[in-house]
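The values are calculated or read from the model by the stated rules, or taken from the named source; none is laboratory data. Keep in mind that this is a model prediction, so the values were computed, not measured. Counting neighbours? That spans all protein chains shown, and the Cβs are built from the backbone with ideal geometry, glycine included. Surface areas here come from the heavy atoms of the whole protein model, side chains and all, with no ligands, DNA or RNA. Shrake-Rupley method; radii C 1.70, N 1.55, O 1.52, S 1.80 Å.
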Amino acid sequence: MGDVTLYRGDCLSKLCELPSSSVDAVITDPPYSSGGQFRGDRMQLTSTKYQNSGAKIVYPEFAGDTRDQRSFGYWCALWLSECLRIAKPGAPLCIFTDWRQLPITTDAVQAGGWVWRGVVVWDKTEAARPQIGRFKSQAEYLVWGSKGELPPREDVGCLPGVFRYVVRQEDKFHIAGKPTALMRDVVRICPPGGVILDPFMGSGTTGVAALLEGYRFHGIESDPECFAASELRLQAARDSRIVSRSTAQQPSLFDRVPWSPAATAADPGPLFPGGTP
Ligand SMILES: C[S@@+](CC[C@H](N)C(=O)[O-])C[C@H]1O[C@@H](n2cnc3c(N)ncnc32)[C@H](O)[C@@H]1O
């Protein structure tokens, strides 16, 4: 097996293909199904929910973000229990969420059979979207836990409980893309050299961080455009190149140029072995 394996499709079906007790950490950023108080709010496009009006960059919309809170919780428990089967005993779990979905996410972690161990704060800095007459939603959260006991590991060391990173446009390849520097800090919860699984990889930031920090990576993504972005970024990370919009010789991910590896004339096949639907 290489250091990266990518699967395109729904994670609930793709996770079933992965062997039991085979990954050292699950680190993921699922669709939050957030962005409003009522179901009608949540049914809006992800660009409407998660981007400032007037934003100049067009990212592809992404799937799976319209569940009401109860069905979001049940759905999370389903994929979390499948991730539990795939994780090795003692493997850490990290899931991103926002303030609105924080309570249901901690419930789902436990319903999925994981031991809930805490909440880490990602401070997005004062650059977060302002709200007139209200507190800024300046933080997102990482709910974390483990598959059973979590033995103290000298090789992992002591990690912070708050991360402060701004979102930089040149490092953002998805509406909900996380900063690569943030993810490089987060993946360090995994024992050195281990395999990290992200069942909602989006543009592949967890995988990029994993490779840059010396881990192996399994990623799943249902959206073809996001999957293609992940392939390119992971290939670049593996080649130890820094991808930015100004330097990358790649089709634009921001202008919705239709592109897929399979559609190119000299198709080299998947960059990374794995299942596609
Ligand atoms: C919040 S985004 C992840 C962004 C990622 N952290 C990044 O930095 O690019 C969640 C991703 O999960 C994908 N997704 C939604 N439902 C899915 C499913 N059932 N199986 C696999 N991927 C899914 C969406 O297409 C979206 O790209």
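Some notes on this structure:
- Within this structure, Ser34 passes the test of being modelled with pLDDT under 90 and open to solvent by less than 10 Å² (accessible area, probe 1.4 Å).
- Of the candidates Ala176, Ala128, the single residue that is in contact (Cβ under 8 Å) with a residue 40 or more places away in the chain and in a loop (DSSP other than H, G, I, E, B) is Ala176.
- Condition check for Gly133: farther than 29 Å from Asp223 by Cα, over 19 Å from the mean Cα position of the chain (by Cα) and open to solvent by less than 30 Å² (accessible area, probe 1.4 Å): no
- The residues listed here are Ile220, Ile175; of these, the one that is modelled with pLDDT under 95 and at negative phi is Ile175.
- Extreme residue, surrounded by the fewest Cβ atoms within 10 Å (Cβ to Cβ), among residues of the range 173-187 that are more than 8 Å from the ligand (Cβ to nearest atom) and not hydroxyl-bearing (Ser, Thr, Tyr): Ala181
- The set of residues from the range 210-241 being touching a Gly at 6+ places or on another chain (Cβ under 6 Å), in a helix (DSSP H, G or I) and closer than 23 Å to Cys83 by Cα comprises Cys226, Ser230, Leu234.
- Taking the range 188-209 as the range and being within 12 Å of the ligand (Cβ to nearest atom) and in a helix (DSSP H, G or I) as the test, the residues that pass are Thr205, Thr206, Gly207, Val208, Ala209.
- Total residues in the range 1-16, condition part of a loop (DSSP other than H, G, I, E, B) and within 18 Å of Ala77 (Cα to Cα): 2
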